[in-house]
1. Anything in the stretch 102-123 that is within 16 Å of residue 140 (Cβ to Cβ), in contact (Cβ under 8 Å) with a residue 60 or more places away in the chain and within 23 Å of the chain's Cα centre (by Cα)? List them, or say none.
2. Report, by residue number, each residue of the stretch 192-211 that is over 20 Å from residue 280 (Cβ atoms) and either in a strand (DSSP E or B) or free of Cβ contacts under 8 Å to residues at least 12 places away in the same chain (or both).
3. Does at least one position in the stretch 297-306 carry a residue that is modelled with pLDDT under 90 and surrounded by 13 or more Cβ atoms within 10 Å (Cβ to Cβ)?
4. For residue 220, state whether it is in contact with a strand residue (DSSP E or B) (Cβ under 8 Å, 6 or more places away or on another chain) and farther than 23 Å from residue 323 by Cα.
5. Residues 39, 94: which one is modelled with pLDDT of 75 or more and over 24 Å from the mean Cα position of the chain (by Cα)?
6. Which of the residues spanning the stretch 254-269 are touching a strand residue (DSSP E or B) at 6+ places or on another chain (Cβ under 7 Å) and in contact (Cβ under 8 Å) with a residue 60 or more places away in the chain?
7. Hey, residue 130 hits all of (1) modelled with pLDDT under 95; (2) within 20 Å of residue 93 (Cα to Cα); (3) more than 21 Å from the chain's Cα centre (by Cα) but one; which does it fall short on?
């Protein structure tokens, strides 16, 4: 039973039955007072597997299968009939499938329900792979993690098995053991992930001179230190002149993706002065805890006025560089008292913005608003 597959249960588990569990809160995205209002014993149910607890139960959901919110309350049979088209795994899900073909760049895996997974050679193992056919054959059963949903219409996803390796290279030595331990490894990796804003230390595992460095944080977690996050001053030299493989590094966690176990780091937020990482990185690391503490204490408070520059714009809002250890986020609903369809209609990268602090989340962001600064409703206040 795969995490993304559809299943039929008889009788339905609206009243839990051995080996199954159906939560009322997962029947529909709209409120369901009682499962009996929607389901009856003997009904055939198609559902999505949320989680499997070996020897205990399988948790199910139909909420994600609804084309429109509430469809399970109106036309459950329509939801079931469309399930194979609607059900797609999410990034981070574990899926199982069968290898159907192997190409130089990777293998194609049939995940069932018309879903095709691409396991690129670069995502097979943390150790280099030159020929996948040395480690797998057509017809092999594979367990992998969903890395990316590439095309919803064509039902194609990218897969990774290297994130499931307890130790780098395990997929080359004993892939079946990796598959057997996949659930346990994924759980342990998630538990080991640091939180946004945490101060972490690790050792440089690899350097990509023009892109950044990979930092081994332990417990199988690898942090990415992009070259733009090394220093507030532009890095114009080879990154290998600032650090070497094996060097100990201290950095602040910038972003965490719990689905793919990816962690992005920053050392520039630990610089007492811009460019210190280029002049004396060891001193930056030695003073990291003090700098980190002072920056945290210096975060703006609700009601403060702050100025910043727009770093990026997404439909839901804009991210601002406030010159602090965490960015500011201006939600589209807080841009103006009048309706704004998209933040891009009002803001662009590089714009200077003055905003009011609504809330500070030390581990992630500062929530902003310019709505209250408008001289008149619908006019810009910056």
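The values are calculated or read from the model by the stated rules, or taken from the named source; none is laboratory data. These figures come from a predicted structure and were not determined experimentally. Positions of Cβ are backbone-derived with ideal geometry, glycine not excepted, and every protein chain shown enters the neighbour counts.
1. If the condition is that a residue be within 16 Å of residue 140 (Cβ to Cβ), in contact (Cβ under 8 Å) with a residue 60 or more places away in the chain and within 23 Å of the chain's Cα centre (by Cα), then 111 is the only one that fits.
2. Restricting attention to the stretch 192-211, the residues satisfying the condition of being over 20 Å from residue 280 (Cβ atoms) are 192-198, 200, 205-206, 208-211.
Correct list: 200, 205, 206, 208.
3. Yes: the stretch 297-306 contains one or more residues that are modelled with pLDDT under 90 and surrounded by 13 or more Cβ atoms within 10 Å (Cβ to Cβ).
4. On the way: in contact with a strand residue (DSSP E or B) (Cβ under 8 Å, 6 or more places away or on another chain): no; farther than 23 Å from residue 323 by Cα: yes.
Against the criterion (in contact with a strand residue (DSSP E or B) (Cβ under 8 Å, 6 or more places away or on another chain) and farther than 23 Å from residue 323 by Cα), residue 220 does not qualify.
5. On the way: 94 fails: over 24 Å from the mean Cα position of the chain (by Cα).
Every option except 39 fails the conditions.
6. Hits for the stretch 254-269 are 256, 260, 261, 263, 265.
7. (2)
Rundown of residues vs (1) closer than 17 Å to residue 365 by Cβ; (2) touching a helix residue (DSSP H, G or I) at 6+ places or on another chain (Cβ under 8 Å); (3) in contact (Cβ under 8 Å) with a residue 40 or more places away in the chain; (4) exposed (fewer than 13 other Cβ atoms within 10 Å of the Cβ), yes/no style:
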residue: 295; (1), (2), (3), (4): yes, yes, no, no
residue: 316; (1), (2), (3), (4): yes, yes, no, yes
residue: 332; (1), (2), (3), (4): yes, yes, no, no
residue: 336; (1), (2), (3), (4): no, yes, yes, no
residue: 340; (1), (2), (3), (4): no, yes, no, no
